[in-house]
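Peer 1: Sharing a structure with you now.
The values are calculated or read from the model by the stated rules, or taken from the named source; none is laboratory data. Please read these numbers as outputs of a predicted model, since none were measured by experiment. A quick note on method: Cβ atoms are made from the backbone with ideal geometry, for glycine too, and the neighbour counts reach across all protein chains shown.
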Amino acid sequence: DLVRPFAAGIDGASGGVDPAGVVSERRLSDLRGLFRDAAALERAVGEGDEVVYRVVAAPVPEVEGEVPFSVTTIEAGRVGDEFYMTRGHAHPEPQGEVYFGLSGRGVLLMYDGEEVRWVEIRPGVAGYIPPGWAHRTANVGGEPFRFLAVYPGSAGHDYAIVAEGGMGARVVRSAAGYEVVEEPGGAG
Ligand code: 6PG
Ligand code: NI
């Protein structure tokens, strides 16, 4: 069934969506194998296994014709030199997606299997993910990074492509704040 018309409150200060659908949470232990410094990750898991990010979805089903949307909040932090980030995925359909910054500062990293592209997302900035590009976001600031994501309901989510092939680059601390370091050969 298609949903009925509705309005949702998007709270850029808390990352809330009202009314909300599915809420999911990823902790450090859910991100094993994704950060370069596996020892630092295990230490942080042992020290409390904190929540790295939370996704609050609007109550829109992931089916053809619908346009689901959700707000992601990534906490500030790092594993070694690498900023807290999402697992990352591609939409196998393939379908495009739009991100819109709500609070804090992040990097939207995109990878088509050969080329790495990235854009900085801040409040008031939209990032466009073209069909076929895997995507991951990292919080490069000192406060939570929040953004709205809008995508086609038929897109699907392929996590294995990133878990196995990487994103072609990592977002790490640098003297200037952060840098995006390309990794020839993909996953690490
Ligand atoms: C999506 C969006 C976005 C994303 C979250 C969490 O397709 O739904 O890209 O909402 O899912 O930011 O990232 P992961 O899905 O990679 O864990
Ligand atoms: Ni996506």
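Peer 1: Give the residues of segment 147-164 that are within 13 Å of Leu34 (Cβ to Cβ) and either away from ligand 2 (no atom under 16 Å from the Cβ) or in contact with a Ser or Thr (Cβ under 7 Å, 6 or more places away or on another chain) (or both), sorted by residue number. Write out each step before concluding.
Peer 2: Step one: of segment 147-164, the residues within 13 Å of Leu34 (Cβ to Cβ) are 159-164.
Across segment 147-164, the qualifying residue is only Glu164.
Peer 1: Can you tell me which residues in segment 65-94 are part of a loop (DSSP other than H, G, I, E, B), modelled with pLDDT of 95 or more and within 16 Å of ligand 2 (Cβ to nearest atom)?
Peer 2: Those that are part of a loop (DSSP other than H, G, I, E, B), modelled with pLDDT of 95 or more and within 16 Å of ligand 2 (Cβ to nearest atom): Glu66, Val67, Pro68, Thr86, Arg87, Gly88, His91.
Peer 1: Of the conditions (1) exposed (fewer than 13 other Cβ atoms within 10 Å of the Cβ); (2) without any contact (Cβ under 8 Å) to a residue 60 or more places away in the chain, Gly65 fails just one. Which one is it?
Peer 2: Of the numbered conditions (1) exposed (fewer than 13 other Cβ atoms within 10 Å of the Cβ); (2) without any contact (Cβ under 8 Å) to a residue 60 or more places away in the chain, the odd one out for Gly65 is (2).
Peer 1: Separate question: In segment 103-110, is there at least one residue being over 20 Å from Val55 (Cα atoms) and either within 11 Å of ligand 2 (Cβ to nearest atom) or in a strand (DSSP E or B) (or both)?
Peer 2: So the first thing to find is which residues in segment 103-110 are over 20 Å from Val55 (Cα atoms), and the list is none.
No, that holds for no residue.
Peer 1: Checking the structure you have, find out if any residue of segment 114-129 is in a strand (DSSP E or B), within 10 Å of ligand 1 (Cβ to nearest atom) and touching a helix residue (DSSP H, G or I) at 6+ places or on another chain (Cβ under 8 Å). Lay out the reasoning, then the answer.
Peer 2: Of the residues in segment 114-129, the ones in a strand (DSSP E or B) are 116-121, 123, 126-129.
Add one more test, that the residue is within 10 Å of ligand 1 (Cβ to nearest atom), and what stays is 129.
Still in the running and touching a helix residue (DSSP H, G or I) at 6+ places or on another chain (Cβ under 8 Å): none.
No: zero hits.
Peer 1: Given the residues Gly188, Gly142, Gly113, which is the only one that is under 22 Å from Leu31 (Cα atoms), surrounded by fewer than 16 Cβ atoms within 10 Å (Cβ to Cβ) and modelled with pLDDT under 95? Steps first, answer last, please.
Peer 2: Working: Gly142 fails: modelled with pLDDT under 95; Gly113 fails: modelled with pLDDT under 95.
Among Gly188, Gly142, Gly113, only Gly188 is under 22 Å from Leu31 (Cα atoms), surrounded by fewer than 16 Cβ atoms within 10 Å (Cβ to Cβ) and modelled with pLDDT under 95.
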